[in-house]
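The values are calculated or read from the model by the stated rules, or taken from the named source; none is laboratory data. Since the model is a prediction, treat every value here as computed from it, not as a measurement. All Cβ positions, glycine included, derive from the backbone under ideal geometry; neighbour counts span all protein chains shown.
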Amino acid sequence: MARSVCIGMLFLLLFGELIAPYDPLTTRPHIGAMPPSALFIFGTDTLGRDVLSRVLHGGRVTALLAVGAAMIGIGLGMALGTLRAFGVGLVGNITLLIELVLLSLPGWLMALVFVGGMGASWKAVIIGVGVTQIAPFSRIVAMTFAQTRTKMYVTAAEACGAPARYIVLRVIVPNASPILIGAACITLANGLLFASGLTFLGLGGEISSPEWGAMLAEGRLAIRYAPWIAIASGLPLVMMIASLNAMGRRFSLRGWSS
């Protein structure tokens, strides 16, 4: 179920702009807050913009924000966790100190500091959210590699005289990959949550640009008389986050049970 939802949402994110029936920025004040109908399947917002078109266009923006932030968190977290797992002496202590410092700071606070310092923009959201995901992913990488190193197949490879590079790249990393893939899925879900949360607070790019978090904020103001605005943007966001978390948990359980 989770995989089907992710595949379906991925298809909409890639090709949603091609099937959007209207321009998401075109306003029609005379039909503002129109309920769902045959003409406007998801209704219109308070400015008369087609909600379905804005959801399809906004999904790509939200996905790009989340993917960009996840790439920063996964890339730097992978490097930091690997150095911590295989580094000795000063290298291991420095990486541990960096990880502890990042973990000691609340994620939302770090994201708000970056966005506040760089100014409200998509770039600031990506960097701010990405930094919050470095330490959690780093800790998972370090713990996974440390646990995998204790397995019997690693001991057998060492006893056979296999070089360290072969053991790391051909034995440890492949066997740890299911857990790391699961952690990457959860990191992406966190990126979606954090990025949409910042745009919900109005800390993203253009206010008029369609984006799920910003649309949810707009719908909140009209929740009493036009609930379809918030539902249309909030429901796919919840489905994506829940599906990614479910997939991450499935991969993680598969990895720890092996």
Residue list for region 216-258, restricted to those being among the aliphatic types (A, V, I, L, M), touching a Gly at 6+ places or on another chain (Cβ under 6 Å) and in contact (Cβ under 8 Å) with a residue 60 or more places away in the chain: Ile229
Residue check for Ala142: surrounded by 15 or more Cβ atoms within 10 Å (Cβ to Cβ), of a type outside the set (Phe, Trp, Tyr), modelled with pLDDT under 85 and within 24 Å of Gly191 (Cβ to Cβ): no
Residues of region 66-94 satisfying the condition of being part of a helix (DSSP H, G or I), touching a helix residue (DSSP H, G or I) at 6+ places or on another chain (Cβ under 8 Å), of a type outside the set (A, V, I, L, M, F, W, C) and surrounded by fewer than 21 Cβ atoms within 10 Å (Cβ to Cβ): Gly68, Thr82, Gly92
All positions within region 8-38 that are in a loop (DSSP other than H, G, I, E, B) and out of contact with any helix residue (DSSP H, G or I) (no Cβ under 9 Å at 6 or more places or on another chain): Thr27, Arg28, Gly32, Met34, Ser37, Ala38
Region 148-164: number of residues that are in a helix (DSSP H, G or I) and surrounded by fewer than 16 Cβ atoms within 10 Å (Cβ to Cβ): 7
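A quick yes/no check of all residues on (1) under 21 Å from the mean Cα position of the chain (by Cα); (2) within 16 Å of Ile72 (Cα to Cα); (3) of a type in the set (Ser, Thr, Tyr):
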residue	(1), (2), (3)
Leu112	yes, no, no
Val125	yes, yes, no
Val129	yes, yes, no
Arg139	yes, yes, no
Ala146	no, no, no
Met152	no, no, no
Ala162	no, no, no
Ile172	no, no, no
Residue satisfying all of: in region 188-243; more than 22 Å from Ser53 (Cβ to Cβ) and of a type in the set (Gly, Ala, Ser); surrounded by the most Cβ atoms within 10 Å (Cβ to Cβ) among these: Gly191
Which listed residue, of Ser177, Ser138, Ser209, is touching an Asp or Glu at 6+ places or on another chain (Cβ under 9 Å) and hydroxyl-bearing (Ser, Thr, Tyr): Ser138
Single unsatisfied condition, Val173 versus (1) modelled with pLDDT of 90 or more; (2) under 27 Å from Leu96 (Cβ atoms); (3) not aromatic (Phe, Trp, Tyr): (1)
Any pair with Cβ under 9 angstrom, 6 or more apart, that starts in region 84-100 at a residue that is among the small types (Gly, Ala, Ser) and ends at one that is not in a helix (DSSP H, G or I): Ala85/Arg149
Given (1) in a helix (DSSP H, G or I); (2) surrounded by fewer than 16 Cβ atoms within 10 Å (Cβ to Cβ); (3) modelled with pLDDT under 85; (4) of a type outside the set (Gly, Ala, Ser), index of the condition Lys123 fails: (3)
Qualifying positions in region 40-65 - in contact with a helix residue (DSSP H, G or I) (Cβ under 9 Å, 6 or more places away or on another chain), part of a loop (DSSP other than H, G, I, E, B) and either within 16 Å of Ser209 (Cα to Cα) or without any contact (Cβ under 8 Å) to a residue 40 or more places away in the chain (or both): Phe40, Ile41, Asp45, Thr46, Leu47, Gly48
Among (1) in contact with a Phe, Trp or Tyr (Cβ under 9 Å, 6 or more places away or on another chain); (2) under 25 Å from Pro210 (Cβ atoms); (3) in contact (Cβ under 8 Å) with a residue 60 or more places away in the chain, the one test that Val115 misses: (1)
